[in-house]
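Following: one structure in structure tokens, then a few remarks.
The values are calculated or read from the model by the stated rules, or taken from the named source; none is laboratory data. These numbers come from a predicted model, not from an experiment. Heads up, the Cβs are rebuilt from the backbone with ideal geometry, glycines too, and the neighbour counts pull from every protein chain shown. Surface areas here come from the heavy atoms of the whole protein model, side chains and all, with no ligands, DNA or RNA. Shrake-Rupley method; radii C 1.70, N 1.55, O 1.52, S 1.80 Å.
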Amino acid sequence: GELLKSEINNSNPAGMQGYVFNIRKKKFSDVRVRKAISLAMDFEWMNRQLFYNQYVRSNSFFTNTEMAALGTATKKEVELLTKLAQDNNLLLDKSLFGSVPTPPSTNNPKSLRENLKQAMRLLNEAGWRVKNGKLLDSKGNPFEFEVLLDTRGWERVVSPFKRNLKKLGIELKTRVTDISLYKKRIDNFEYDMLVHWYLSGVNPGNELVYRFMSSTATEKGSDNFIGLSDPLIDSAIENVISSETREDLKLASKVLDRILLFGHYVIPHWHNKVHRIAYRQGLSSPRNMPLYYHSEDWAMSSWWWQQGELSQ
């Protein structure tokens, strides 16, 4: 009883960690293929078997913030999407007004089998067929891709994803490199898929230019790992940056998030909404919790010993 354990909630922005597709690669240029591959990741199994049920699935590029797009588009979101499309003389896909795509689940009544059947239908629609256990295109080329990693610790996480993709006839390989070669390869966009964490704050801004705008799609060393070059996304980012009020920023960010999620450019991973701490009995903390904080810094600066405990 001398040490106490506790989970304390926070509202820290979680951003988006996930498997990032490099859509410069032809095999990933079709959104149906990207969606199919995302259906093969069984987060619930991984959370249970690998992570002790510690995590929550991420659902936005601005996870755990008021900037995240949710549900069907509001009237204001529809108006802004329509304006952005008109400004670029684009034919707007009305499906963007529908419910925001949520990460696939295998919780009852859904199952991995059901998800894989849906994935196969999407792959067939995109022109891929299974022959002798391998997924082939119209020219007989097998569907293979590589996940580039900078540490072997990720191999155990990729392994169940690889096993599920095998059932679709897709061969996933992992390549672990030292950090210098890893940096060189991502700077030159020499990869099929990455594990990456797009950090976010409570006020999205200029970082979006280097991550998602057309001007950085061919700029070596940029953070545009996906290879995005879309005038609608460009306009949405410009709208975020030029927002003059908090409400404008929230609306612009939700619209950008909506467009990115409908593109299925990333297979979302997971995040943590609590700090897990252990502390000595006798320590006390403020009754009112901050919204955004790191547990160590907050404890060191604001916790105290109860009277009579310090002498012990």
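Counting other Cβ atoms within 10 Å, which GluC sites (Glu not before Pro) in segment 227-312 have at most 13 and lie in a DSSP loop? Answer in residue order: Glu244, Glu309. The P(r) of the chain has a tail past 35 Å containing 28 percent of all C-alpha pairs.
Net charge of the neighbourhood of Leu136, taken over other residues with C-beta under 14 Å away and scored Lys/Arg +1, Asp/Glu -1, is +2. Computed with a 1.4 Å probe over protein heavy atoms only, the accessible surface of segment 237-286 comes to 42 Å² per residue. Kirkwood radius for segment 195-235, taken over all pairs of different Cα atoms as the inverse mean of 1/r, rounds to 10.6 Å.
With the simple model of a label 7 Å out from the Cα in the direction of the Cβ, Arg48 to Lys83 spans 4.7 nm.
For the chain, the longest principal axis of the alpha carbon atoms and the long axis of helix 112-125 meet at an angle near 40°.
Of Leu122, Leu199, Leu291, the residue with the greatest mean-square motion in the GNM of the chain, using alpha carbon springs below 10 Å, is Leu291.
For the chain, adding -39500 (n - 2.57) for each run of n ≥ 4 DSSP H residues and dividing by the number of residues yields -10000 deg cm²/dmol at 222 nm. Note on Glu125 and Asp187: their simple-model spin labels are 4.1 nm apart, each label 7 Å out from Cα toward Cβ. Taking each of Lys117/Lys184; Lys35/Lys94; Lys94/Lys139; Lys26/Lys117; Lys35/Lys254; Lys139/Lys167 in turn, the alpha-carbon distance tops 28 angstrom for Lys117/Lys184; Lys94/Lys139. Modelled spin-label separation between Leu92 and Lys5, with each label point placed 7 Å from Cα along the Cα-to-Cβ direction: 5.1 nm. Please give the residues of segment 289-306, grouped as numeric ranges, whose backbone N is less than 18 Å from a label point set 7 Å along the Cα-to-Cβ vector of Leu199. Once the point is set 7 Å along Cα→Cβ of Leu199, 292-298 turn out to lie under 18 Å by backbone N, inside segment 289-306. Of all aspartates and glutamates in the structure, those lying under 16 Å Cα to Cα from Lys83, and not within fewer than 8 positions of it along the same chain, are Asp93, Asp230, Asp234, Glu238, Asp248. Compared with the dominant Cα axis of the chain, that is its longest principal axis, helix 75-87 is turned about 50°. Just to verify a number: FRET efficiency for Lys166 and Asn206, C-beta to C-beta distance, R0 = 30 Å, to 0.05? Using R0 = 30 Å, I get an efficiency of 0.15. Note on segment 68-186: Kirkwood radius taken over Cα pairs, Stokes-Einstein applied at 10 °C and 1.306 mPa s, translational D equal to 88 µm² s⁻¹.
In segment 16-115, what GluC sites (Glu not before Pro) fall in a loop by DSSP, with at most 15 other Cβ atoms inside 10 Å? For GluC sites (Glu not before Pro) across segment 16-115 that sit outside H, G, I, E and B with at most 15 neighbouring Cβ atoms in 10 Å, the list reads Glu66. The Cα-based radius of gyration of segment 1-92, divided by its Kirkwood radius, gives an Rg/Rh of 1.10.
Calculated FRET efficiency, Lys273 to Lys75, Cβ-Cβ distance, R0 = 35 Å: about 0.70 to the nearest 0.05.
Sorted largest first, the principal axis extents computed over the alpha-carbon atoms of segment 211-312 equal 65, 31, 24 Å.
Pull out a ≥ b ≥ c, the square roots of the eigenvalues of the alpha-carbon gyration tensor of segment 237-280, then state rounded if a/c is under 1.5, prolate if not and a/b is larger than b/c, and oblate in the remaining case. Oblate, since a/c reaches 1.5 and b/c is not below a/b. Per-residue surface analysis assigns Trp303 an accessible area of about 40 Å², computed on protein heavy atoms at 1.4 Å probe radius. Please compute the Kirkwood hydrodynamic radius over segment 132-243, one decimal place, Å, based on all pairs of different Cα atoms. That comes to 16.3 Å for segment 132-243.
Within segment 244-312, list the trypsin sites (Lys or Arg not before Pro) lying in a DSSP loop whose Cβ has at most 14 other Cβ atoms in a 10 Å radius. Counting only loop positions with at most 14 other Cβ atoms within 10 Å, the trypsin sites (Lys or Arg not before Pro) in segment 244-312 are Lys273, Arg287. For the chain, which whole percent of the accessible surface, found with a 1.4 angstrom probe, sits on carbon and sulfur atoms? Heavy-atom surface of the chain belonging to carbon and sulfur, 1.4 Å probe: 49 percent.
Surface exposure of segment 95-231, expressed per residue as accessible area with a 1.4 Å probe, stands at 54 Å².
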